[in-house]
């Protein structure tokens, strides 16, 4: 469990397409103590690269709470395929990432799942998901399905059916930006999914942008924090915005500091 000042974090993806090590160093040097690491290439799961990241993590006292893979767009083709050999062939790639997570002390692995409409029916989809979850568990990794627009996971109803089918094998990442892009409100995912939410991506919005650094738009963060607290959420809130979401990187770090203070007061 993280203390209040650590619950707000920043994803290294905020500075993509800068090299991952540069983005992570930037977070460390600006005092961010809670992060999500976004691997952007296969070579970044090599031991030498992971040790470089881990040395920075250790030196600056940073928690890497989650890892986001570079191959999310391939999950339909490799993980949720009806050609089982292709699924088996990709597992060594995920194994390297899970081993990297062990070194970094990261617990949560972010999965988008199949895009729409997908090739597997729901029963087979849930079976394959359970199998992949078991593979992650063998490395101490908890797989969290993120709600993502244009993916099956964009729908709270689909995720509810998934949770009912998988029980304790289901965990999720709630992304409030992706929810709004799919036409939902974050609260649409809370009942009855709140017990399964392990990780949250936060961003802000306005009439002219659906993705801004937190506290630069109109999203009611105090109310959201109070709601999640009442539901017993104890995970991190990770700022995840894109390069086009801000004019200056200072906006990301200013948002991080302001959100820390807001969470303490909430």
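Residues in the stretch 136-147 that are closer than 11 Å to residue 113 by Cβ and without any contact (Cβ under 8 Å) to a residue 60 or more places away in the chain were compared, and the one that is surrounded by the most Cβ atoms within 10 Å (Cβ to Cβ) is 147. Residues that are touching a residue at least 40 places away in the same chain (Cβ under 8 Å), over 13 Å from residue 12 (Cβ atoms) and in contact with a strand residue (DSSP E or B) (Cβ under 8 Å, 6 or more places away or on another chain) within the stretch 33-51 are absent altogether. Between a residue in the stretch 107-121 that is over 17 Å from residue 77 (Cβ atoms) and any residue that is modelled with pLDDT of 95 or more and in a loop (DSSP other than H, G, I, E, B), which pairs come within a Cβ distance under 6 Å, given they are 6 or more apart or on different chains? Listed by first residue and then by second, the contacts come to 109/141. If you check 242, 246 for being farther than 14 Å from residue 175 by Cα, touching a helix residue (DSSP H, G or I) at 6+ places or on another chain (Cβ under 8 Å) and surrounded by fewer than 21 Cβ atoms within 10 Å (Cβ to Cβ), only one passes: 246.
Among the residues making up the stretch 52-94, those that are more than 19 Å from residue 38 (Cβ to Cβ) and in contact (Cβ under 8 Å) with a residue 40 or more places away in the chain are 76, 80, 82, 87, 91.
Here residue 167 qualifies as outside any loop (DSSP other than H, G, I, E, B) and surrounded by fewer than 18 Cβ atoms within 10 Å (Cβ to Cβ). Count of the stretch 167-184 residues, restricted to those that are out of contact with any helix residue (DSSP H, G or I) (no Cβ under 6 Å at 6 or more places or on another chain) and in contact (Cβ under 8 Å) with a residue 60 or more places away in the chain, is 3. Taking the listed residues 131, 187, 207, the one that is in a helix (DSSP H, G or I), at negative phi and free of Cβ contacts under 8 Å to residues at least 24 places away in the same chain is 131, with no other qualifying.
Residues in the stretch 137-149: is at least one in a helix (DSSP H, G or I) and in contact with a helix residue (DSSP H, G or I) (Cβ under 8 Å, 6 or more places away or on another chain)? Within the stretch 137-149 (the criterion being in a helix (DSSP H, G or I) and in contact with a helix residue (DSSP H, G or I) (Cβ under 8 Å, 6 or more places away or on another chain)), the answer is no, since none of the residues qualifies. Among the residues of the stretch 191-215, those that are modelled with pLDDT of 95 or more, out of contact with any helix residue (DSSP H, G or I) (no Cβ under 7 Å at 6 or more places or on another chain) and either closer than 20 Å to residue 245 by Cα or surrounded by 17 or more Cβ atoms within 10 Å (Cβ to Cβ) (or both) comprise 194, 197, 198, 199, 200, 204. Note on the stretch 1-109: enclosed helices (runs of 4 or more DSSP H) holding 1 or more residues that are loosely packed, with under 14 Cβ neighbours inside 10 Å and modelled with pLDDT of 95 or more are 20-29, 47-60, 84-104.
The values are calculated or read from the model by the stated rules, or taken from the named source; none is laboratory data. Since this is a predicted model, take the numbers as computed values, not measurements. Cβ: placed from backbone, ideal geometry, glycine included. Neighbour counts: every protein chain shown.
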